[in-house]
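My structure is below; once you've seen it, I'll send some questions.
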Amino acid sequence: PDNYIEVDLSDQKVKVVDDNEVVLYCDVVTGKPGTETDIGYTEVLSKTYNRPLIGPGYRLDVEYFIHFNTSDHNRHQFGGEIYLTNGSHGCVNMDLENVKIMDAHSEVGTKVLVHK
């Protein structure tokens, strides 16, 4: 497709392509062992703003939630092997400014590929 999101779990990177141009390529933090980020093809299912993410043992307020497993997160470092010891519960965590870019260049139905 001309517009898509690609999450590379091995490199801990996300790429957003809009109209065949890469508009974002940045570090992320994905699911830690035991709560890994799902691999496969999906799409943006919904987008919501200023909401809590609540799960077993956590509550996290986020400004942006792009539902395919992506949210902003109160982190200051991304990429590398952070996910191994301090990863998410499956979400793809990104810097707030980068989530804003992803939000501007995606919509419900945008295709998403998550791979290793």
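Being farther than 12 Å from VAL114 by Cβ, buried (at least 16 other Cβ atoms within 10 Å of the Cβ) and charged (D, E, K, R) is the filter here; which residues of the range 1-35 pass it?
Selection gives ASP18, ASP27, LYS32.
Name the residues in the range 28-56 that are in contact (Cβ under 8 Å) with a residue 60 or more places away in the chain and part of a strand (DSSP E or B), would you?
VAL29, GLY31, GLY40, TYR41, THR42, GLU43, SER46, LYS47
Could you tell me whether ILE66 is under 15 Å from the mean Cα position of the chain (by Cα), buried (at least 17 other Cβ atoms within 10 Å of the Cβ) and in contact (Cβ under 8 Å) with a residue 60 or more places away in the chain?
So ILE66 does not fit the description; no.
Quick one: ARG59 ticks every box in (1) surrounded by fewer than 11 Cβ atoms within 10 Å (Cβ to Cβ); (2) in a loop (DSSP other than H, G, I, E, B) except a single one, so which number is it?
(2)
Please specify each residue of the range 71-116 satisfying the condition of being closer than 16 Å to TYR49 by Cβ, touching a Cys at 6+ places or on another chain (Cβ under 8 Å) and either surrounded by fewer than 17 Cβ atoms within 10 Å (Cβ to Cβ) or not small (Gly, Ala, Ser) (or both).
Answer for the range 71-116, where residues must be closer than 16 Å to TYR49 by Cβ, touching a Cys at 6+ places or on another chain (Cβ under 8 Å) and either surrounded by fewer than 17 Cβ atoms within 10 Å (Cβ to Cβ) or not small (Gly, Ala, Ser) (or both): HIS73, MET94, ASN98.
Coordinate-derived values only; no laboratory data. Just so it is clear, the structure is predicted and the values come from calculations on it, not from any experiment. Ideal geometry is used to build each Cβ from the backbone, glycine not excepted, and the neighbour counts take in all protein chains shown.
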